[in-house]
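A quick write-up on the structure given underneath.
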Amino acid sequence: MKIDLCQQPLDGVTTDWLAIGIFEGDQAATLPAELEPKLAETIARRRELEDFSGKKNELLTLYGVEGIAAERVLLVGLGKPDSFDRMTFTNAVSTAVRHANKKPGTAMVGSLPTGTSLDAKQLAEAAITGALMASQGQAIYKSASNGTAIDSFSLAATKETHSAAQEGIASGTILGEAINAARDLIDRPPAEIYPETFCKRALELAEPVEGLEVEILEPEKLKELGMNCILGVGQESVRPPRLMILRYRGKKDDSAPLAYVGKGITFDSGGLSLKTADGMVDMKCDMGGAATVVAATIAVARLGLPVNLLCLTPLAENMPGGNSYRPGDILTAKNGKTIEIVNTDAEGRLVLSDALCHAVDLGAAHIVELSTLTGACMVALGNDVAGVMTNDDTWAEQVLAAAKRTGELAWPLPMYEEFDDLIKSDVADMKNSGGRWGGAITAAKLLANFVGDVPWTHIDIAGPSFAAKEAPHRDGGATGYFVRTLVDLAGQYAP
């Protein structure tokens with residue numbers, strides 16, 4: 001998609017689509033000055049007729065508007081002004097582009113809303129992120145794909161906002177491409193994306209980026225380092241496990257890094273504790289945490305943010321067979337702690353245990369760990385909200401603040417000592433599943449054993465990382481959830 005700025009008065013722009021954001025309510029629409037006399041009365045009348053109210057992602061197409069050169073004017077609902085944020089605008093632009101993709105015409109011009117708390121750079125960044133997200137879907141393998149119609153998106157700017165909007169276009173392009181890279185990795189089938197090929201794809205994405213170093217630990221090195229949990233989970237698969245490490249030194253000094261750790265189960269059958277057939281269908285998405293942290297790290301490096309950053313992704317397939325790890329086995333993690341296996345379908349926390357230990361050993365000052373870890377978190381918070389658990393409330397507050405700035409939904413869950421009893425084992429230091437009750441928290445409680453005293457925040461993205469069906473602003477499948485939060489957090493990080 002071609003992205004650029006448009007400085008021409010909007011009423012004279014020749015384009016297939018002119019997209020205008022409209023807030024919900026009875027008040028007069030806040031329009032660019034050149035459009036106000038041509039659209040205000042029409043919009044007011046449409047409100048009276050209840051054809052259009054301005055609710056989030058609501059659309060109304062106007063044809064042949066007198067005095068406007070565009071073929072169509074597309075009114076896009078922005079919701080109530082007091083709830084408007086970056087995510088709202090990203091979704092609105094994405095909704096508009098996705099709608100236009102189904103119609104004739106290849107070019108769209110969008111305007112920036114006025115009177116909001118966001119500046120021109122933030123608005124432009126949000127808009128371009130949304131336009132790029134709308135250009136990609138999960139129908140990668142359809143032989144007769146409709147493709148996307150919109151191949152040019154221009155953002156209107158004035159002389160006063162031109163410079164800031166240009167900056168927003170640059171950062172929005174990087175964010176949109178990062179989100180799409182994560183989505184593409186997650187949407188690919190497990191026959192195509194497995195530990196080795198995940199690393200290969202990540203290398204392709206990282207290679208052109210200045211300042212990024214990539215290290216891949218193969219099974220021999222994992223064994224040497226005592227990463228028996230990664231090895232145990234992946235030992236039955238014909239596709240051996242890996243641990244990939246990305247390093248970015250944006251501060252140009254030796255200050256302790258921030259670490260992002262992402263679960264990378266490239267396919268989860270459940271192992272010997274086998275899932276149902278229906279339960280396996282979407283298990284290509286069980287590496288959503290790994291895809292997210294890799295994409296975010298690459299975006300941080302492309303943006304040149306002043307932060308030292310580590311990214312660790314433990315990668316494995318969890319498969320059944322004669323060489324699988326078994327219920328009753330005892331695995332010893334990198335830090336020497338032992339884990340009794342009571343359910344081989346609770347494997348993500350096992351690979352993460354070794355990766356978290358390694359992050360600590362590499363000197364991480366703070367850790368954020370992302371994983372599609374538990375269905376229990378979806379039961380608690382639904383499909384759209386990530387669960388947040390931590391050993392350090394101050395650090396978690398910083399992560400939650402980043403999520404709030406980007407508009408990504410997350411909610412803290414308690415880590416009371418009472419939950420520790422649920423993962424006690426009679427034969428090892430702990431067991432890998434605490435049973436049905438409080439499952440999202442007991443999984444986090446296990447992980448807390450592998451971070452020492454390092455401030456660590458666990459984000460369970462099992463719900464929001466993968467969508468069963470499409471919404472107006474996005475296709476079904478991978479969503480790229482939390483890439484924006486991780487990038488924002490890295491930009492604000494001050495240990």
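A short reminder: the numbers here are calculations on the coordinates, not readings from a lab. This structure is a prediction, so every number in the text was calculated from the model and none was measured. Counting neighbours? That spans all protein chains shown, and the Cβs are built from the backbone with ideal geometry, glycine included.
Please arrange His366, His458 by how many other C-beta atoms lie within 10 Å of their C-beta, fewest to most. Walk me through the numbers on the way to the answer.
Details: His366 21, His458 32.
Going from least to most buried by this count: His366, His458.
Treat the count of other C-beta atoms within 10 Å as a stand-in for reagent exposure and order Lys251, Lys469 from fewest to most.
Ordered from fewest to most neighbouring Cβ atoms within 10 Å, Lys251, Lys469 come out as Lys469, Lys251.
Return the subset of Lys337/Lys445; Lys275/Lys445; Lys55/Lys80; Lys200/Lys284; Lys275/Lys337; Lys223/Lys431 for which the Cα-Cα distance in this structure is over 19 Å, preserving the input order.
Violating the 19 Å Cα-Cα cut-off are Lys275/Lys445; Lys275/Lys337; Lys223/Lys431.
Label Lys200 and Trp411 with points 7 Å out from Cα along Cα→Cβ: what is the distance between them in nm?
Taking the simple label geometry, Lys200 and Trp411 are separated by 4.2 nm.
Under a 5 Å amide H to amide H cut-off, with H placed in plane at 1.01 Å, what residues pair with Thr457 once short-range neighbours are removed?
Ile367, Val368, Glu369
Can you tell me the order of 385-394, 308-317 when each peptide is scored by its average per-residue count of other Cβ atoms within 10 angstrom, highest first?
Details: 385-394: 19.5, 308-317: 28.7.
Highest-to-lowest ranking by the protection proxy: 308-317, 385-394.
Treating only the Cβ of Lys, Arg, Asp and Glu as charged (+1, +1, -1, -1), what charge dipole size does segment 2-158 show about its Cα centre? Round to the nearest 20 debye.
Here the size comes out at about 580 debye.
Report, in whole Å, the centroid distance computed from the Cα atoms of segment 386-433 and segment 454-495.
Cα centres, segment 386-433 to segment 454-495: 16 Å.
(1) 8; (2) 24; (3) 17: which one is percent of Cα pairs over 45 Å apart as calculated from this entry?
Checked against the structure: label (3).
Which residues' amide hydrogens lie under 5 Å from the amide hydrogen of Ala467, considering only partners 5 or more residues apart or on another chain, with H built in the peptide plane?
Amide H neighbours of Ala467, under 5 Å, 5+ apart: Gly477, Ala478, Thr479.
Quick one: 3J(HN,Hα) in Hz for segment 457-467, Karplus 6.51/-1.76/1.60 with θ = phi - 60°, rounded, Gly and Pro as x.
Once rounded to whole Hz, the list reads 10, 9, 10, 8, 9, 4, x, x, 6, 8, 9.
Below 8 Å between Cα atoms, with a sequence gap of 6+, how large is the relative contact order for segment 2-158 in percent?
32 percent
Lysines within cross-link reach of Lys159: Cα-Cα under 20 Å, excluding same-chain residues under 8 positions apart?
Lys121
Determine ³J(HN,Hα), in whole Hz, for all residues of segment 346-351 in sequence, where each value follows from phi through the Karplus function 6.51 cos²θ - 1.76 cosθ + 1.60 and θ = phi - 60°; x replaces Gly and Pro.
10, 8, x, 5, 6, 5
Any chance you could run the full-extension gain for Ser143 through Glu218? It's 0.36 nm times the residue separation minus the Cα-Cα distance, nm to one decimal.
Gain in length upon complete extension: 23.4 nm.
Arranged by the count of other C-beta atoms within 10 angstrom, fewest first, what order do Trp456, Trp395 take?
Starting with the residue having the fewest Cβ neighbours, the order is Trp395, Trp456.
Which ³J(HN,Hα) values in Hz, rounded to whole numbers, follow from the phi angles of segment 475-490 under the Karplus curve 6.51 cos²θ - 1.76 cosθ + 1.60, where θ = phi - 60° and Gly and Pro get x?
Listing the rounded values in order: 6, x, x, 5, 10, x, 4, 5, 4, 4, 5, 5, 5, 4, 4, 4 Hz.
In degrees between 0 and 90, to the nearest 10, how far off the longest principal axis of the chain does helix 393-406 point, with axes built from Cα atoms?
30 degrees
Which aspartates and glutamates have a Cα less than 20 Å from the Cα of Lys252, not counting those fewer than 8 places away in the same chain?
Glu207, Glu210, Glu213, Glu215, Asp488
Find how many whole Å separate the alpha carbon centroid of segment 209-284 from the alpha carbon centroid of segment 44-108.
Segment 44-108 and segment 209-284 have Cα centres separated by 42 Å.
For Ala386, what is the net charge nearby, where nearby means another residue's Cβ is under 10 Å from its Cβ and Lys, Arg count +1, Asp, Glu -1?
-3
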